[in-house]
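The values are calculated or read from the model by the stated rules, or taken from the named source; none is laboratory data. Remember, it's a predicted structure, so these values are computed and weren't measured experimentally. So basically every Cβ, Gly included, is an ideal-geometry build from the backbone, and we count neighbours across all protein chains shown.
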Amino acid sequence: MDKPIGTNDFIEKKIQKLEKFKYIDDTLKINIANLHGTEYQVNMTIDRVSSKEGIAAAANNADINTAIDECLDKLIAQIIKMKEKREH
């Protein structure tokens, strides 16, 4: 099963959400795997340039775009949590 046409454009549009967190200069890795032809597994990691901290998230879904959204939402939630921790 191939990725739907436009998936790369969809991903690029979605990761723009990270710009407001100033993580865009760090290394974002995205891995998309097809599990048994029925479900996509999306893994995203951010390797921080400024520290040894890394952030990772994963999501599985039959729809690739939904899996990307879910994974990105998890990643953003972790970023917000880390920022809140640092501010306290």
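Numbers at a glance
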read-out: Residues that are in contact with a Phe, Trp or Tyr (Cβ under 9 Å, 6 or more places away or on another chain) and modelled with pLDDT of 90 or more, drawn from region 46-63; value: Ala59, Asn60, Asn61, Ala62, Asp63
read-out: Residues of region 43-73 classified as more than 9 Å from the chain's Cα centre (by Cα) and in a helix (DSSP H, G or I), total; value: 4
read-out: Answer residue from region 12-45, given it is β-branched (Val, Ile, Thr) and modelled with pLDDT under 85 and is surrounded by the most Cβ atoms within 10 Å (Cβ to Cβ) among those; value: Ile15
read-out: Residues located in region 1-11, provided they are at pLDDT 80 or above, surrounded by fewer than 10 Cβ atoms within 10 Å (Cβ to Cβ) and aliphatic (A, V, I, L, M); value: none
